[in-house]
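The values are calculated or read from the model by the stated rules, or taken from the named source; none is laboratory data. If you're wondering where the values come from, they're calculated on a predicted model, not measured in any experiment. Heads up, the Cβs are rebuilt from the backbone with ideal geometry, glycines too, and the neighbour counts pull from every protein chain shown. What goes into the accessible areas is simple: the full protein's heavy atoms, side chains included, and nothing from ligands, DNA or RNA. Shrake-Rupley method; radii C 1.70, N 1.55, O 1.52, S 1.80 Å.
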Amino acid sequence: MGYPCGMSGRIIALDLGKARSGVAVSDPTQTIAQPLDLLPGADAPTFVEQLGGVVAEYEAERVIVGIPRTMDGRMGEMAQWAEGIRRACERGLSVPVEGRDERLSTVSAERAMREAGNVTSPADSVAAAVVLQAYLDELRLRDEKL
């Protein structure tokens, strides 16, 4: 089986927070998402620089940024803040940066961690992995329909 949509590299996903941000990465075949460490909260230029190091380390070809829309789909204060960080990443990184609705990703991550008895992975990074896995699954489904 080939890579989805002609892609062949890792994807990084973020669950942004003002104090810290969760980070997840795909495997090179873009099949499985796994949580990484947290990035500390920082001003946008410093955050983009730190994220650039992660992108380089994993040779990522794309970054997905979770945008926490309200339950009715609106862009509340946190979603607007996250969109600003996404735009800063888009300007400062050499790879494409996409925003993705991440409603309920933290709830899903906490439930999965409880069910698995996982107390070692940071919930924010598991939430980033939830967002990334949904993205990877959609890529695979789209590729299968082509």
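Couple of notes before you dig in:
- Applying a threshold of 9 Å to beta carbon distances and a minimum spacing of six or more residues, or different chains, the list of pairs starting in the stretch 92-103 at a residue that is on the phi < 0 side of the Ramachandran plot and touching a residue at least 12 places away in the same chain (Cβ under 8 Å) and ending at one that is surrounded by fewer than 18 Cβ atoms within 10 Å (Cβ to Cβ) and of a type in the set (S, T, N, Q) reads Arg103/Thr70.
- In the stretch 48-63, the residues that are farther than 15 Å from Pro35 by Cα and of a type in the set (A, V, I, L, M, F, W, C) form Cβ pairs under 6 Å with partners that are open to solvent by less than 60 Å² (accessible area, probe 1.4 Å) and not in a strand (DSSP E or B), at six or more places apart or across chains, as follows: Val48/Ala88; Val48/Cys89; Val48/Gly92.
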